[in-house]
Number of protein chains: 2
Amino acid sequence: MQTPEFSLNCPVPKNDDAKVLLAHGGGGRLMQQLIGNVFLPALCSPQLAALHDGAVMPFGGARLAFTTDSYVVRPLFFPGGDIGTLAVNGTVNDLAMCGARPLFLSAGFILEEGLPMETLRRIVASMQRAAEVAGVRFVTGDTKVVDRGKGDGIFINTAGIGVIETDLAITPQSVQVGDAILLSGDIGRHGIAIMAEREGLSFESAIESDCAPLNGLVFELLDAGIEIHCLRDCTRGGVASVLVEIAESAIVPVHIIEGALPVREDVQGACEILGLDPLYVANEGRCVAFVAARDAERALAIMQKHPQGAGAVRIGSVAGDSPGLVTMQSRIGASRIVDLLSGEQLPRIC
Amino acid sequence: MQTPEFSLNCPVPKNDDAKVLLAHGGGGRLMQQLIGNVFLPALCSPQLAALHDGAVMPFGGARLAFTTDSYVVRPLFFPGGDIGTLAVNGTVNDLAMCGARPLFLSAGFILEEGLPMETLRRIVASMQRAAEVAGVRFVTGDTKVVDRGKGDGIFINTAGIGVIETDLAITPQSVQVGDAILLSGDIGRHGIAIMAEREGLSFESAIESDCAPLNGLVFELLDAGIEIHCLRDCTRGGVASVLVEIAESAIVPVHIIEGALPVREDVQGACEILGLDPLYVANEGRCVAFVAARDAERALAIMQKHPQGAGAVRIGSVAGDSPGLVTMQSRIGASRIVDLLSGEQLPRIC
């Protein structure tokens, strides 16, 4: 793993708040500022302010989870998936991270004039396959076409609705000192799969994206009565960003062990070649779970039995002297602070 | 109003199904084909197949309406509104057209690198104002940034959730022979406002978009016990396309009177200059209501008392010998068939 200093000292691009930068979409500090300075002050609601993966509201006599994501990944097709599988699994996972059972999806397509119809057909077929695997249904949609040169082939927005059947409040605010932090598998594959495809890199074996739905895994934990406090899928900004966001919003100290983080050897090698830190590389089928310490071993065993959690490990605890900060014990035993990058190491990763 | 023939004989662009055309996003025949040939076969669900403005599902003991739209209008700001007001009112109206009370919105932003932050702030402020007027809340959101030249400033997707409190099934399938067809006001203003701005045309008085939320108007009708069979807002493709879609999906004959269609004189003049037929020009604050004949007069009186329905008129009936077709009695007394255009007369209108 790389020396960590670049993440703290990563220069924030000069921007007198005048223009939108690529880094504003990168899941790091600049994006946090954009949300905090522009979106939240105008559109404020208790649900938006919670800054969770989805909003939770009462509806009828039940609890409803609602989330949205737009997908602008380049290239459209990559080892292990495409923009269509991403558009389903990303939104399914945001619902699962609220503890919700995903039910309904919407699909909004922004197509660029000239997109081959065959490309669209392939993507839509992927969406349907992914929806079947995840057990959700597309119920409403919209299509817009923009002039050639005003889009990039296809952008997809999906919004999702799920029902929360657990009594747990799965949110950063439920995280408690002493919680165990579990990670559902090895990290960095989605980002490296995209990057390799983009840069035409080839490795001995293809590195495939980990893109997958996590609702099945979450439901195994819930059905077993595991006391889950918080869940978050480790997409833009990777595991590091997710942990920082949770530490900051729950105002708790988070401590992780570098040596416990599972990184495949080929992914580690690719990261070294590309100058990336796997801790910040996007995943699309990995999550962290903050669970009550007494349930940690049992939760880990349940995860490891599930196909999406076969490589699950405990990476740390909610512990330490610095509420709001993430610290990491490095391989040589030193402790350092893990912070957000200003933006994403790789733009347009999802 | 123009001679009608062009709408029937409008040449369909040659396209061996190989590429996406601008017209595929235009709300006309080509878009219908795209949905029928590409989206429905793959993503089929009973709700999608209903081809209504929103999907209706049971949730938590209540009936939930769910809808989505992406907004790609150019220019971003126009007389009477901007992409932000459109992104709220368009989705609110789709929920209202299901007879739902709009509750929650999501916002998905796709920003182009280099967008002035001030432009974004203005648009987000418009969204919040429009949400307040319509009585809805933004509860979840997402932001992506694409490279300069791969977008067009800003695209916005909103999805919306509403609750249906009426026992009526407000859908094309509920339309009955004998129903009265009411139109909530004068037509063509949104399209002409956009076109005038785009082309730098100026008129004696500015033509402002009719962009407005219609949920208040719909609730006046529902609260008064009006037997509404179907509602549809007349956006892309205008009043003509909406009527054709309803006639085709309900397999009923629709007959309208050209002389009954309210078109402001300045809008009519602009349409003549621009070679547009107001019957096909987009509106963003107008709907048609199919109501039981015995309730027609009462419904019209209620609409006319509401600010969004002040210019409401009865434009026709579900009547005639040709189920699935829309016929129009022209000003000179002749009858002609009203069909879909192949695409939109004006691309990127919403």
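Taking the DSSP beta bridges with both ends in the stretch B:72-207, the antiparallel portion is around 60 percent. Taking the DSSP bridge list for chain B and keeping only pairs wholly inside it, about 80 percent are antiparallel.
For a distance above 21 Å, tell me the whole-number percent of Cα pairs in the stretch A:115-196 that qualify. Of the Cα pairs, 61 percent sit more than 21 Å apart.
With K and R counted +1 and D and E -1, the other residues having a Cβ less than 12 Å from that of A:Asp179 yield a net charge of 0. Is the shape of the protein assembly as shown rounded, prolate or oblate, going by the alpha carbon gyration tensor and its root eigenvalues a ≥ b ≥ c, with a/c under 1.5 for rounded and a/b larger than b/c for prolate? It comes out prolate by the Cα gyration axes.
Which one, A:Phe104, A:Leu120, A:Gly153, projects farthest toward the positive side of the charge dipole computed for the stretch A:94-159 from Cβ point charges (K/R +1, D/E -1)? Result: A:Phe104, furthest along the dipole toward the positive end.
With point charges of +1 on the Cβ of Lys and Arg and -1 on the Cβ of Asp and Glu, referenced to the Cα centre of the protein assembly as shown, which listed residue (A:Ala134, A:Ala206, B:Ile83) lies farthest in the positive direction of the dipole? Farthest towards the positive end: A:Ala134. Between B:Ala206 and B:Glu227, the FRET efficiency estimated from the beta carbon spacing at R0 = 41 angstrom works out to 0.60. So how strong a dipole does chain B carry about its Cα centre when Lys and Arg Cβ are +1 and Asp and Glu Cβ are -1, to the nearest 20 debye? In debye, rounded to 20, chain B gives about 380. Remark: spin-label model distance A:Gln329-A:Asp147 equals 6.1 nm, labels positioned 7 Å along the Cα→Cβ axis. Is the C-alpha gyration tensor of the stretch B:14-166 telling us rounded, prolate or oblate? Criteria: a/c under 1.5 is rounded; beyond that, a/b larger than b/c is prolate, otherwise oblate. Since a/c reaches 1.5 but b/c is at least a/b, the shape of the stretch B:14-166 is classed as oblate. Helical runs (DSSP H, four residues minimum) scored at -39500 (n - 2.57) apiece and divided by the length of chain B put the mean residue ellipticity at 222 nm at -8500 deg cm²/dmol. For a quick check, take a GNM of chain B with Cα springs below 10 Å and name the residue from B:Asp321, B:Asp210, B:Asp266 with the largest mean-square fluctuation. Taking springs between Cα atoms under 10 Å, the residue moving most is B:Asp321. Treating each Cα of the stretch B:262-350 as an identical point scatterer and summing with the Debye formula, the log10 of I(q)/I(0) at q = 0.11, 0.25 Å⁻¹ comes to -0.42, -1.38. Per residue, the protein assembly as shown exposes an accessible area of 34 Å² to a 1.4 Å probe, with every protein chain left in place. With label points set 7 Å from Cα along Cα→Cβ, the inter-copy distances at A:Ser335 are 8.6 nm, sorted shortest first. Given the stretch A:224-350, what percent of its DSSP beta bridges are antiparallel, to the nearest 5? Bridges in the stretch A:224-350 are about 75 percent antiparallel. Between B:Ala206, B:Ala62, B:Ala289, the residue with the greatest mean-square fluctuation in the GNM of chain B (Cα pairs under 10 Å linked by springs) is B:Ala62. Placing unit charges on the Cβ atoms only, positive for Lys and Arg and negative for Asp and Glu, gives the stretch A:100-206 a dipole magnitude near 280 debye about its Cα centre. Over chain B, what percent of the accessible surface lies on carbon and sulfur atoms, probe 1.4 Å? Summing carbon and sulfur atoms, their accessible area is 52 percent of the total for chain B.
Report note on the peptides B:102-113, A:67-78, B:305-316, A:331-342: ranked by the mean count of other C-beta atoms within 10 Å, highest first, their order is B:102-113, A:67-78, B:305-316, A:331-342. What FRET efficiency do you get for B:Ala310 and A:Ala169 if R0 is 56 Å and r is their Cβ-Cβ distance, rounded to the nearest 0.05? Calculated transfer efficiency: 0.75.
Rounded to whole Å, give me the distance from the Cα center of the stretch A:211-240 to that of the stretch B:327-343. Between the Cα centres of the stretch A:211-240 and the stretch B:327-343 lies a distance of 57 Å. For the pair A:Ala62 and A:Ala301, the difference between a 0.36 nm per residue extended length and the Cα-Cα distance amounts to 83.0 nm.
Remark: mean inter-chain Cβ contacts per residue of A:310-318 equal 0, using a 10 Å Cβ-Cβ cutoff to other protein chain atoms.
When only the Cβ of Lys, Arg, Asp and Glu is charged (+1, +1, -1, -1), the dipole of the stretch A:37-140 relative to its Cα centre reaches about 280 debye. Shape class of chain B from the alpha-carbon gyration tensor: rounded, with the ratio a/c of largest to smallest axis under 1.5.
In terms of Cα atoms, the Rg and Dmax of the stretch B:225-274 work out to 13.7, 43 Å.
Sorted from shortest to longest, the distances between the B:Ala206 label points of this copy and the other copies are 5.5 nm, with each point 7 Å from Cα along the line through the beta carbon. Inter-copy label distances for A:Ile273: 6.1 nm (label point placed 7 Å from Cα along Cα→Cβ; shortest first).
The values are calculated or read from the model by the stated rules, or taken from the named source; none is laboratory data. Computed from a predicted model, the values in this text were never measured in an experiment. Positions of Cβ are backbone-derived with ideal geometry, glycine not excepted, and every protein chain shown enters the neighbour counts. Just the protein is used for accessible areas: all its heavy atoms, side chains included, with ligands, DNA and RNA removed. Shrake-Rupley method; radii C 1.70, N 1.55, O 1.52, S 1.80 Å.
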